Structure formats: structure tokens, C-alpha cells
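Working notes, beginning with the structure itself.
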Amino acid sequence: MLTAAGEDPPAALHAMQNGAQDYLVKEKADAELLCRAIRYALERTRVEAALRHSEAMYRRLVENLNEGVIAVDETGLITFANPAMEEILGCPPAERLVGSPVAWFFDAPGRKGSAPTNPFCRATDERQEFELDLLHCDGGHVHALVVTSPVTDETGRFRGGSIAGIMDITERKRAEEELRIRNEHLTMLNQVIGVTAASLSLAGLLEESLEKTLELMRFDVGIVYMLDSERKRALLQHQNGLPAKALARHRLIKVHHWPFNFIFIAGQPPRYIEQQADLNSIEAGILRELEVSALACIPLVAESVVVGAVYAAAGRRRPSPATSGRSSRR
């Protein structure tokens, strides 16, 4: 801006407040001052262009990240969300998230309250890393790894909000859980094998392995049946936790009758019975007699021939006068 010497200084100030970046007084401007002003204007233009380029690069980087990025203010409201948050939360477009309380997406009772319980608004100026269950817009759940960085003012003082990077680790956690379960099953199997290897007789093997299986799998009732020589009846060999009043009924099974023929004759995969409204009366009666809510019937196979079965039941309904602890052959 170039002004005359007689112009009112407030007019120049007003012009600068409305966009002018500098001004020169015509009567006081010489070649050196003019050149300096031009160099200053060019340098400022170059810096502004570099800043705009940097901002554009930063925005492209954030918008193309596979991980989600959100900014949350001190009240817990989302002020920015990149496109990756659309996929993580299932709420396209990302712009619709802006202005929403981040607590809407917490999958934990009591967390949808005030800012003090909001992990994005912790009163700290340090970087935080934690795992959090988020609600997906389709009603599902997302297990996320969250890294928050505090928002500070020009003096470095914490302002209350944060910028957070969010990674969906649902599949990784599911794989870890599957691996944990498999390792647990292998441990159980090794313990059962250890017990059976120490047994000196078939009776001891059946008794010890049944007890160990119930202990490891946290079942309430276990029964081992073996077929007789005519393969018409299954005889109870060992039991653990069987209610006393059910002992006589389950000491012998006619294996050609339904549903026992599925296991002892057909040798099909294990049969699972669970208490439900449409359960047939016979299987419902078995659960009632065992005083449980779920039962697994597992065939014992030797050289492709069914030789017996193991019944394992869980979900004890009520205390019963069961024969205590380990029970020997009857």
C-alpha cells in the first residue's frame, strides 16, 4: 500500500487491518526502501506459497492414511476426521462426524458421560496409548488401538483436546484370542495325555482322564460308556458329578434307541444338546435328569469302530445330592 504523506495514519492502520500487509509513504520512499519492500513482499509470498504447499501435503497425507485420525476439542466434540474413520466407524462421510461427541462411539457403560471420563480429553500434556472398544454404526464393535497427542497453545500449555490416531485391530485381537484358545486346548490335551500315560489299566485310564477333562474344561458332569460285546447296550464305566437319583437311569443305555443310536451305532460327529424352547421332549428329559443346560455326546472310536462314548455336561441348574468327586465303576 502506498500512501501520501498527509494521509491520516489511522487510515493506513485501517487498511492494514483489512488486508494490506505494509505501506510506504510516497514522499519518504526512495529506491533502497522500495527495493527492500519489494524483496520483503516477494519473500513473504514465497513463504506463504510454501506454507500452503505444506498444508496441502499434510492434508493429502492425513486423508490417504489407512489409519483413522480425529481431532477432539476440550469438550469432547470431534473437530476433524479423516476418510479412514468412515471405514472404521462405518459412518460416511467423515465430515458428518465433525461436531459429534466422540463419546457416542464408546462401547462401555458409563463412558458416555462427562469429559473427565473421556480418554480423548485426559488432563495431561503427554502422549497416551491405549486400547478402546468403539461402536460401529451398523451396531457391531471395533477394537481399536488409540494414540492421542495433546493439543497445546503457542506457549506449550495443554488446552484440553487431542489429536488421535486410531487403528482397527479387531482382526488381530480375534486372531490372538483364537491362538490363546488353541494353546489352552493343547495344554489341556497334554495334561490329559500325561494322566493317561501314567495309568496302568484301562479302568484307571478312563477314570483319571475323565476327571482331568472335567477339571480342565470346567464341566459339571462326566460319564464314560463302553459298548458290551453284543453292541446292543452301553454300560456306564465311570462317572463324575452324576446326580444320585439319575444313576440308575443312566447306568445302562440301549444304544439302538434314538437319540443314542446317532453316537453308538452311526458313529456320527459329537452330538450337542442345549436347553432351548424347541428342544424335543426326550433330549430335554436327559438334560433335566442330569440337572444341566448343555450336553456333549462324543463317540469313542478305535480302529474306525465305535467302542463307547463320553458324555460331558455343563450349566448345573441347582445343587443336587450327586455322588461326590471321583466315582468308581458301578
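The values are calculated or read from the model by the stated rules, or taken from the named source; none is laboratory data. Quick caveat, the model's predicted, so the values are computed rather than measured. As a convention, Cβ positions derive from the backbone with ideal geometry for all residues, glycine included, and neighbour counts pool all protein chains shown. Note: areas computed on protein heavy atoms with side chains; ligands, DNA, RNA excluded. Shrake-Rupley method; radii C 1.70, N 1.55, O 1.52, S 1.80 Å.
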Exercise for the section: Restrict the check to the stretch 280-293 and report whether at least one residue is out of contact with any Gly (no Cβ under 7 Å at 6 or more places or on another chain), assigned to a strand (DSSP E or B) and either open to solvent by less than 50 Å² (accessible area, probe 1.4 Å) or among the hydrophobic types (A, V, I, L, M, F, W, C) (or both). Expected result: no
Fill in the blank from the handout: Over the stretch 118-155, the set of residues free of Cβ contacts under 8 Å to residues at least 24 places away in the same chain, under 15 Å from ALA71 (Cβ atoms) and either hydrophobic (A, V, I, L, M, F, W, C) or crowded, with 16+ Cβ neighbours inside 10 Å (or both) is VAL147
Practice task
Filter the stretch 216-226 down to the residues that are farther than 18 Å from VAL306 by Cβ and modelled with pLDDT of 75 or more, then identify the one that is most open to solvent (accessible area, probe 1.4 Å).
Solution key: ARG218
Handout entry: Selection count where residues are surrounded by fewer than 20 Cβ atoms within 10 Å (Cβ to Cβ) and in a helix (DSSP H, G or I), scope the stretch 82-105
Key = 5
Problem - Residue under evaluation GLY110, criteria (1) closer than 16 Å to ALA81 by Cβ; (2) open to solvent by 50 Å² or more (accessible area, probe 1.4 Å); (3) at pLDDT below 75, criterion not met - result: (1)
Problem - Failed criterion for SER328 (all others in (1) among the hydroxyl-bearing types (Ser, Thr, Tyr); (2) open to solvent by 50 Å² or more (accessible area, probe 1.4 Å); (3) modelled with pLDDT of 85 or more hold) - result: (3)
Handout entry: Flag for ILE78 being at pLDDT 65 or above and not in a helix (DSSP H, G or I)
Key = yes
Practice task
Check the stretch 231-248 and report whether any residue there is at pLDDT 90 or above, assigned to a strand (DSSP E or B) and open to solvent by 70 Å² or more (accessible area, probe 1.4 Å).
Solution key: yes
Fill in the blank from the handout: Those residues of the stretch 155-181 which are within 18 Å of the chain's Cα centre (by Cα) and either modelled with pLDDT under 75 or β-branched (Val, Ile, Thr) (or both) amount to ILE166, ILE169, THR170, ILE181
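What number of residues within the stretch 123-154 are over 19 Å from the mean Cα position of the chain (by Cα), of a type outside the set (Ser, Thr, Tyr) and under 23 Å from LEU97 (Cα atoms)? It would help to see each step written out before you state the result.
Start the filter on the stretch 123-154 by keeping residues that are over 19 Å from the mean Cα position of the chain (by Cα), which leaves 123-128, 148-154.
With the extra rule that they be of a type outside the set (Ser, Thr, Tyr), the set shrinks to 123, 125-128, 150-151, 153-154.
Still in the list and also under 23 Å from LEU97 (Cα atoms): 128, 150-151.
Residues flagged as over 19 Å from the mean Cα position of the chain (by Cα), of a type outside the set (Ser, Thr, Tyr) and under 23 Å from LEU97 (Cα atoms) within the stretch 123-154 amount to 3.
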Practice task
Report whether or not SER304 is open to solvent by 60 Å² or more (accessible area, probe 1.4 Å), among the small types (Gly, Ala, Ser) and modelled with pLDDT of 85 or more.
Solution key: no
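For the condition surrounded by 13 or more Cβ atoms within 10 Å (Cβ to Cβ) and within 22 Å of GLU211 (Cβ to Cβ), what is the one hit in ILE265, ILE273, ILE298?
Answer to the check: ILE298.
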